[in-house]
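Report on the structure given below.
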Amino acid sequence: MNFNIRIALLIVSVTIAWFASGVLFENTVDGTEAKPSTLTKVQAEQFSEQKFVPQLQLRSYTAPSRTVDLRAQINGSVIAVPGLRGSLVNQGQIVCALDKEDREQRLKKSVAQLQQAEIAYSGALQLKTAGFQSDLAISQAKMNLEVAKLALERSQIDLENLNIKAPFSAIVEDRPVEVGDFLSVGQLCARLVELDPLKIVAQATESDVVKLKVGDKATANFDDYGSMDASLTYIGYESNPKTRSYLVEAQMDNTDLSLRAGISGRLNLRLPVEDAHLIPSGLILLDSDGDVVVRAVDSNNRVVQTKVVIVGENKQGVWVKGLPKTVNLITVGQNYVSQGEQIEIYFASDPQ
């Protein structure tokens, strides 16, 4: 259950107990009939400040670390599709192969034209030395040489582009073509998704995002997959205009590809250590303004009511801030005393 919801339920329960205390009050503190006294007798316990590691829990879902659409860069008929849909392809592996047609012959022609252009340019330079060639003719020969170099390079690139390869190891999520299909320039061959490492996407409120920094350690929890270690890789700088929340991304290892993209979960982020008190949840009260308070006893045996902030919880109780380092909190009878009241106290450790 969400931490904020649990805290809200706790406060509601305290409110009900507070109202009920006026009806259920009996002149007993520890279950036995109290002896007549001018002072209310309560039980107290000493609590000391401890180191607390806050946890920020965000709703999240998994996403590919990278997604890429492989598109044809030249026109051609598909002659092979080694990248099967749903299969893992390694970096450099062919996903779609196109027919060579006459491209190897074009490459040989480009090589021959380059050789011819080199000879022509070299001859023009020799004629210039002998005074039989103009600068214009030499410039034309040099231009023909550069054009021939570009034509050769273009032919080599076209041959390389016949094999559409995976730029990184990934899963073939979609491959809409089959052998015999004709691909035009820009047409989709396949869509690849990288799932290792796996990205975890969440949204943080403006009050929570200031507590985070890139590199923070986190735990990704999934109902059907357990918990896995992750680390924060990105924190958005612009809030969502509708929710006013900020994009938060983490990354985790997924070597066995057991997790897919789109799985819902919870991202638990470990925040910097704070000083706080761990107290039983039953000691939480509400004052007349609806603020969360606890009641303690000072050195003069008077009731001190202090506002606290709940910053966490566990099976032993709730973590609160706002108390002195060491404090004697009223654990039994706190509903029957008020701020500044002189009381009689005893501790649970006192001999009966």
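The values are calculated or read from the model by the stated rules, or taken from the named source; none is laboratory data. Values in this document were obtained by computation on a predicted structure and should not be read as measured data. When we count neighbours, we look across all protein chains shown, and the Cβ atoms used for this are built from the backbone with ideal geometry, even at glycine.
At-a-glance table
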| item | result |
| --- | --- |
| Condition broken by Y121, with the remaining ones in (1) over 30 Å from T67 (Cβ atoms); (2) aromatic (F, W, Y); (3) surrounded by fewer than 15 Cβ atoms within 10 Å (Cβ to Cβ) satisfied | (3) |
| Any chance D216 is assigned by TED's automatic domain parsing to the domain that holds A170, in contact (Cβ under 8 Å) with a residue 12 or more places away in the chain, among the acidic types (D, E) and in contact with a strand residue (DSSP E or B) (Cβ under 7 Å, 6 or more places away or on another chain) | no |
| Hits in segment 99-121 - residues which are at pLDDT 85 or above, touching a Leu at 6+ places or on another chain (Cβ under 9 Å) and not in a loop (DSSP other than H, G, I, E, B) | R103, E104, R106, L107, S110, V111, Q113, L114, A117, E118, A120 |
| Odd one out for V318 among (1) over 20 Å from V42 (Cα atoms); (2) surrounded by fewer than 17 Cβ atoms within 10 Å (Cβ to Cβ); (3) at pLDDT 90 or above | (2) |
| Segment 54-75, residues that are over 26 Å from I263 (Cβ atoms) and either part of a strand (DSSP E or B) or in the same structural domain as M228 (by TED's automatic domain parsing) (or both) | R71 |
| Scan of segment 222-244 for residues that are in a loop (DSSP other than H, G, I, E, B) and surrounded by 13 or more Cβ atoms within 10 Å (Cβ to Cβ), ordered by number | Y225, G236, S239 |
| Residues being within 14 Å of S245 (Cα to Cα) and surrounded by 12 or more Cβ atoms within 10 Å (Cβ to Cβ) - total across segment 195-210 | 7 |
| Number of the condition not met by G236 [criteria: (1) closer than 16 Å to Y61 by Cα; (2) small (G, A, S); (3) modelled with pLDDT of 95 or more] | (1) |
